[in-house]
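Colleague: Pasting in a structure now, in structure tokens, and then I'll have a few things to ask.
Every read-out reported here was derived from the displayed coordinates using simple, explicitly stated rules and does not represent laboratory data. Every value quoted in this text rests on a predicted model; they were computed, and no experiment measured them. As a convention, Cβ positions derive from the backbone with ideal geometry for all residues, glycine included, and neighbour counts pool all protein chains shown.
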Ligand code: GDP
Ligand code: MG
């Protein structure tokens, strides 16, 4: 996609902001990429519409091309939609003892495998006592399959009793989990090749017996469009709390993730990355976003985005300097930047006009240790003090120095340096934006 967009934008003149036409042209390509990734049509349409609003008129930063800029906006929006406002995708609600977790989905989607993977994770990572039960009465082999997996990972399974219904097994699992003091019990339901009334009724009955804390829909990540239909149905009938996408180790582009997130609004909690019992990972929105956009080299994109951000920050700062604003927050930014760039020596080399201050700076001995102490002093100031350093009278100075574990004299040195730098910034501001960019090495 990056390449394709690059091509589109080669034909466009570089302007200060993305025009509506630029964005439209680019988003046509984005929509094709989404559809190729098996995102369902209405979802792809809505998504590009949302991006269009955000992208039109967005400033193009100097360090990236308009094409890259659109890719970044698309990527960020994708991550946002995928992540929703779920800060911790891998977390499960285990707040009752025992906590029931219901696994639902179509046949062959990976329910049984995922049940075992999840049980292993809960046992090993969360230190929970877990019981698994297979409710798949259609296929005796399915119950065996779970028992074998349980053996393999050292997790208990509910003993198999022939002739029981799914609801009866669910009741027994609940009873056993309660009596034997398990923290969690996982119910692995039967699936069908497609959604039918019998299946849904059965799962509904099981749900009503177990009253699950989590109902996880297991979906094959390779089944793009169908997945949406499945998810909609299960969510309407059963009510799901999250999604597990399996087979994300395959060639699929994972468009199902976006579709399902958009259609159900339910978080994607885990992805399955293979047949082995440890091939389960928490959902990482940015990885899946990169995959959907067909960008193998997602790392470079993220780096690019980072550069964009830094460029934006530098630009914002420059605007402040031009207005003669340089407060303690700015100084802190500068000090942190200095630490990144190899201390004062490195910075001095990049800034003509700093020569005059070299002696003072040298006298202050600005090595990393000193920079760290100075940053600590600024951190010890209140928001108001940072924004208005002129507020710093004797009593405030004492408090700040004490807060950072230092002497007031050290704070005074910092304040002196701030005044000098503020002076310098004002002068640089008068040199105009271009000259300053050069001076800041931007
Ligand atoms: P169920 O019918 O929903 O219980 O599905 P199963 O758990 O029995 O899985 C069906 C097949 O898919 C099995 O061969 C699994 O090994 C395989 N499978 C499940 N999850 C994954 C996955 O994340 N990646 C791959 N490659 N195969 C998987
Ligand atoms: Mg199964």
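Colleague: Would you mind giving the average projected area, over all directions, of the Cα convex hull of the range 99-283 in nm² with one decimal?
Modeller: Spelled out: convex hull of the Cα atoms, projected over all directions, averaged, 9.2 nm².
Colleague: Still on this structure, please answer the following. Taking 8 Å as the Cα distance limit and 6 or more residues as the minimum spacing, I'd like the relative contact order of the range 99-283 as a percentage. Present the calculation step by step, with values, prior to reporting the outcome.
Modeller: On the way: 375 pairs, mean separation 49.8, N = 185.
Relative contact order, the range 99-283: 27 percent.
Colleague: Taking the Cα centre of each part, how many Å lie between the range 96-155 and the range 379-424?
Modeller: First find each Cα centre; the distance between them is then 59 Å.
Colleague: Give me the extension gain from residue 95 to residue 316: residue separation times 0.36 nm, minus the current Cα-Cα distance, reported in nm with one decimal.
Modeller: Difference between extended and current length: 75.0 nm.
Colleague: So between residue 194 and residue 24, what do we pick up on full extension, going 0.36 nm a residue minus the alpha carbon distance?
Modeller: 57.4 nm
Colleague: Report the antiparallel proportion of the DSSP beta bridges in the range 172-301 as a percent, rounded to a multiple of 5.
Modeller: In the range 172-301, DSSP labels about 25 percent of beta bridges as antiparallel.
Colleague: Taking other Cβ within 10 Å of each residue's Cβ, how do 275, 410 sort, fewest first?
Modeller: Taking fewest neighbouring Cβ atoms as first place, the list is 275, 410.
Colleague: Another question, then. Between residue 124 and residue 49, what is the FRET efficiency for a Förster distance of 45 Å, r being their Cβ-Cβ separation, to the nearest 0.05?
Modeller: The pair residue 124/residue 49 has a calculated efficiency of 0.55.
Colleague: Right, something else. Between residue 399 and residue 36, what is the label-to-label distance in nm when each label sits 7 Å out along the Cα-to-Cβ direction?
Modeller: 6.0 nm
Colleague: Using the per-residue mean of other Cβ atoms lying within 10 Å as a proxy for protection, in what order, highest first, do the peptides 156-163, 318-325, 243-250, 40-47 fall?
Modeller: 243-250, 40-47, 318-325, 156-163
Colleague: Which whole-angstrom value gives the distance between the alpha carbon centres of the range 244-262 and the range 163-218?
Modeller: 25 Å
Colleague: Tell me, in nm to one decimal, what length is gained between residue 376 and residue 284 on full extension, where the rule is 0.36 nm per residue of separation less the Cα-Cα distance?
Modeller: Full extension of this stretch gives 29.7 nm more.
Colleague: Modelled label-to-label distance, residue 419 and residue 160, 7 Å Cα→beta-carbon offset: nm?
Modeller: Reported label-point gap for residue 419 and residue 160 is 8.5 nm.
Colleague: Using the beta-carbon distance between residue 229 and residue 388 and R0 = 60 Å, what value does 1/(1 + (r/R0)^6) give for FRET efficiency, to the nearest 0.05? It would help to have the intermediate numbers written out before the result.
Modeller: Numbers: r = 59 Å, r/R0 = 0.99.
The formula returns an efficiency of 0.50 here.
Colleague: Once you place label points 7 Å from the Cα toward the Cβ at residue 323 and residue 180, how far apart are they in nm?
Modeller: Here the answer is 6.7 nm between the modelled labels.
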